[in-house]
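Have a look at the structure below, then the notes.
Derivation of every value follows stated rules applied to the coordinates shown; laboratory data play no part. Nothing here was measured: the structure is a model prediction, and the numbers come from that model. Here the Cβ is made from the backbone with ideal geometry for all residues, glycine too, and neighbour counts use every protein chain on show.
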């Protein structure tokens with residue numbers, strides 16, 4: 001977490017400009033930085049859950065490499 005002025009916020013791995021661009025593709029005319037940060041946090045949390053499940057599926061299949069099928073199956077399980 002980082003101190004952003006007088007409030008603490010999570011550091012996100014996903015660039016906020018990328019998130020804002022996706023939101024504009026979805027129809028938003030303008031995207032506030034706080035909205036982009038909130039979306040990035042939510043997307044990142046969901047991605048970590050899906051990735052963790054995909055790792056388990058790959059290991060169960062005897063692989064060390066996560067494949068697209070693992071991601072797709074993990075997504076179905078967590079939708």
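Overview of results
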| quantity | calculated |
| --- | --- |
| Hits in segment 49-69 (condition: in contact with a helix residue (DSSP H, G or I) (Cβ under 7 Å, 6 or more places away or on another chain) and either in contact (Cβ under 8 Å) with a residue 60 or more places away in the chain or under 24 Å from residue 12 (Cβ atoms) (or both)) | 50, 53, 54, 66 |
| Any pair with Cβ under 7 angstrom, 6 or more apart, that starts in segment 31-48 at a residue that is closer than 9 Å to residue 20 by Cβ and ends at one that is surrounded by fewer than 15 Cβ atoms within 10 Å (Cβ to Cβ) | 31/24 |
